[in-house]
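Visitor: Pasting in a structure now, in structure tokens, and then I'll have a few things to ask.
The values are calculated or read from the model by the stated rules, or taken from the named source; none is laboratory data. Being a predicted model, the structure only gives us computed values, none of them experimental. Please note: Cβ atoms are built from the backbone with ideal geometry, for glycine as well, and neighbour counts cover all protein chains shown.
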Amino acid sequence: MAIAHRSKKELKNLLVIKWTQLPQALQKVQRTLRSHKQEIYNSFKYDTYTNGPVEGTNNKIKVIKRTAYGFRNFFNFRIRILLALPNTYIAITWRNKQTAHAKAQAQAA
């Protein structure tokens, strides 16, 4: 319940229970919680940070790769990813570079 309630105090109480008072399966759980105590505390403190968007992007790229049955070259693969993920930092940077390149060519002509 300590993790569900995001309570640092409850988690500390769980971790101070002696191993001998716990069943063997829970002793392993307690060891795991102790070894990752600081990370768990950080998750309580910084609960708005998540790697969900990154995992979603990676999943989309894997799906593109799987459904493509191979691209002729990396450039085509990259273009397909940028089209599928239009609002990512990489796609926006790439579009800005393309726009700047087109403007430079127009001025040169």
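Visitor: Can you run down the residue pairs with Cβ atoms below 6 Å, 6 or more apart or on separate chains, where the first is in region 1-26 and assigned to a loop (DSSP other than H, G, I, E, B) and the partner is modelled with pLDDT of 75 or more?
Guide: Once the first residue is assigned to a loop (DSSP other than H, G, I, E, B) and sits in region 1-26, its partners that are modelled with pLDDT of 75 or more give 2/10; 6/44.
Visitor: Of all residues in region 71-92, count the ones that are at pLDDT below 80 and in a helix (DSSP H, G or I).
Guide: 4
One line per residue, one yes/no per condition, for (1) surrounded by fewer than 14 Cβ atoms within 10 Å (Cβ to Cβ); (2) β-branched (Val, Ile, Thr); (3) out of contact with any helix residue (DSSP H, G or I) (no Cβ under 7 Å at 6 or more places or on another chain):
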residue: 23; (1), (2), (3): yes, no, yes
residue: 65; (1), (2), (3): no, no, yes
residue: 81; (1), (2), (3): no, yes, no
residue: 88; (1), (2), (3): no, yes, no
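Visitor: Next question. Which residues, taken from region 33-55, are surrounded by 10 or more Cβ atoms within 10 Å (Cβ to Cβ), not β-branched (Val, Ile, Thr) and not in a helix (DSSP H, G or I)?
Guide: 36
Visitor: Let me ask you something else. When you look at residue 60, is it surrounded by 11 or more Cβ atoms within 10 Å (Cβ to Cβ), among the charged types (D, E, K, R) and touching a residue at least 24 places away in the same chain (Cβ under 8 Å), yes or no?
Guide: yes
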